[in-house]
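Reviewing the structure listed below.
Values in this text are rule-based calculations from the coordinates and carry no lab data. Predicted model, so just to flag it, every value in this text is computed and none were measured. For neighbour counting, all protein chains shown are included, and Cβ atoms are generated from backbone atoms with ideal geometry for every residue, glycine included.
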Amino acid sequence: MVTAEALASGLPIIVSRVGGLREIVREGLNGFSFNPRDWRELSEKMLLLLEDQKLREEMKNKAKESAKDFSSVNVALKYLRVYLDVLCKN
């Protein structure tokens, strides 16, 4: 949830490509991802954000927009749909 909270704050995110984080980041839109333990790739992504104010602003807006997908209400609705789908098949 920390990643979704960062998005809601308007922060572009940089995450390693592991677990569910890959589902949250939209490469180049609301943040970047890098291969685990690849500090060179991480530093490149960090420099991109530090050096490009226009990119940061665009990503800030996209971050806030994409955070809505991970609101507690939307997540609860997604779980509800899965449960109802399972119940209806039985």
Item to check | Tabulated pairs, region 73-89, first surrounded by 10 or more Cβ atoms within 10 Å (Cβ to Cβ), second part of a helix (DSSP H, G or I), C-beta under 8 angstrom, 6+ apart or interchain | outcome: 74/68
Next on the checklist: Please go through region 34-57 and give me each residue that is charged (D, E, K, R) and touching a residue at least 24 places away in the same chain (Cβ under 8 Å), ordered by number.
Outcome noted: 45, 56
